[in-house]
Amino acid sequence: MIWVTGTMFKDLGHTDAEITLATGTIAIAWSLKPLWAAFLDMARTKKFFVFATELSMAALLVAIALALGTDRYFAVIVGILWILAFASATHDICVDGVYVTALDSHRQATWIGVQGTAWNTGRIFATAAVVFLAGALERSGLPAKSAWAIALLSSAAVMAALALYHGLVLPTGSIRRHPKNAAEVAREFALSVRAFFAKKSIWGMLAFVFLFRSGEGFLLVEAPLFLQASPADGGLGLSLQSKSLIDGTLSTSVSIAAGLLGGVFIDRFGLKRTLVFMAICLNLPHLCYVALSQMGADGHPPSFGAIALLVSLEKFGYSFGFVANMLYMMQQIAPGEFKMTHYAFATALMNLVLIPTQSASGPLANAVGYRSFFLIVMLASIPSIVAAWLAPFPRPSEDPDEAQTTRISSLLSRRLRGADLRHRTIDQR
């Protein structure tokens, strides 16, 4: 949503400030997830909401493509993006709900890198395939708006196909007891909120989650715009196709490998022992953008190879370190009766820091220039490392109660299967 539409608006002539203010504020949808996350845990299955939101997102992508043909397309598309954001946030809640309720703590750690890889595969499609297609259609002679409309319609088709696929194969995750009436719904919601804030060391854990992405928030929208900006303005002047190759295919492929390695690294050495190191890995590579902005400050940007290398290094560090944040929320904050709801609460707070940072990044870059902007980003990264250093670990990596419950359930299941087999044998005799 934010990266590709930002690229599209930049290609259509809008300024960094217009783009970041419009798209950055939309991130609030992901921070409001606690308002309805608990209710999703009470109605239907997690699989149902994944399927429904994917179909709705496909329809909204079609609406954005059609809106490009209107005179006031910018305002119309931003309005559609707000609806799309709430659909995406709901999708986030239920996808994560399937993950945290279908897997135990050990398997969450084992597969966290693969989960990140799946996310980055989607990013490759959006930032590489969709943007490359739009650029190729423009070069073939199509007007920019028509080229982007076709590219967005292709992404809508893929989303619809994924919805049908997930409708067939996705596990449901755990299913809570459905409340009988409105009063019980209110009690369940209140109970989930009280249980969340009753967790040991909750305020220290939330401080870590909120601050971990403090520096990254300034980069998420503005860094891709810097790659696309004119060299006369201190940018690197990449074309849509070059940008899709570097910040889409190459760097995201690196991100996939880094996410897998990060998951393996944490699984091998443990989250508590590695958290500060992972925070350093997340933030230190921001220096790559400092270097790129200094190299391109004279209006002569570095070579394609240099840009590709430095952007890929930054993406490697980000993806390697970011898995620690996700696993921390899964293992320290989410466990308990309301896993999906409490994980949604945590991710909502994680995204909250992105609203001011993403929104301010464009006006700040316009005001101070790219060279000073990326130096400010490095300063903004310091709270992330401090938060990792002070992050509390009130729970062991494998919750004893949860592990005991899993073992008891497994034992009962084996005994029931054995009893069933004995009954069948008696019946046969």
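A few notes on this one:
- Taking all Cα pairs closer than 8 Å and separated by 6 or more residues, the relative contact order of segment 270-341 comes to 43 percent.
- Convex hull volume per residue, computed on the Cα atoms of segment 306-400, equals 119 Å³.
- Longest to shortest principal axis, alpha-carbon extents of segment 194-277, angstrom: 53, 29, 22
- When the P(r) is computed for segment 1-126, the part past 17 Å accounts for 65% of the Cα-Cα pairs.
- Length-normalised contact order of the chain in % [C-alpha pairs under 8 Å, at least 6 apart]: 28
- Scaled radius of gyration (Cα, divided by 2.2 N^0.38 Å) that segment 343-399 gives: 1.53
- Pairs of lysines in segment 142-286 whose Cα atoms sit within less than 28 Å of one another amount to 4, provided the residues are eight or more positions apart or on different chains.
- Over all orientations, the chain has a Cα convex hull whose mean projected area works out to 23.7 square nanometres.
- Distant alpha-carbon pairs in segment 246-343 (separation over 15 angstrom), percent: 65
- On a per residue basis, the chain carries 44 Å² of accessible surface, using protein heavy atoms and a 1.4 Å probe.
- Using alpha-carbon coordinates, inclination of helix 304-328 to the longest axis of the chain, degrees: 30
- Farthest toward positive dipole pole in the chain [+1 Lys/Arg, -1 Asp/Glu at C-beta], among 322, 80, 97: 97
- Percent carbon-and-sulfur accessible area, the chain, ignoring ligands, DNA and RNA, probe 1.4 Å: 68
- Seen from all directions on average, segment 53-197 presents a Cα convex hull projection of 11.9 nm².
- Diffusion coefficient of segment 18-60 by Stokes-Einstein, Kirkwood radius over Cα pairs, 25 °C, 0.890 mPa s: 200 µm²/s.
- Helix 46-67 and the long axis of the chain differ in direction by around 20°, with both axes built from C-alpha atoms.
- 5 Å-binned pair-distance histogram of segment 242-297 (Cα, whole percent): 4, 15, 17, 23, 18, 11, 7, 4, 0
- Rg and Dmax of segment 167-319, both derived from C-alpha coordinates alone, stand at 21.7, 67 Å.
- Considering segment 186-238 at the alpha-carbon level, its Rg and Dmax are found to be 20.3, 59 Å.
- For segment 312-361, the percent of C-alpha pairs falling in each 10 Å distance bin, counted from 0 to the bin holding the largest distance, reads 23, 40, 32, 6, 0.
- Dividing the alpha-carbon radius of gyration of segment 105-144 by the rule-of-thumb value 2.2 N^0.38 Å gives 1.86.
The values are calculated or read from the model by the stated rules, or taken from the named source; none is laboratory data. Note that the structure is predicted; figures quoted are calculated from it, not measured. Cβ: placed from backbone, ideal geometry, glycine included. Neighbour counts: every protein chain shown. Side chains are part of the model used for accessible areas, which takes the heavy atoms of the whole protein and leaves out ligands, DNA and RNA. Shrake-Rupley method; radii C 1.70, N 1.55, O 1.52, S 1.80 Å.
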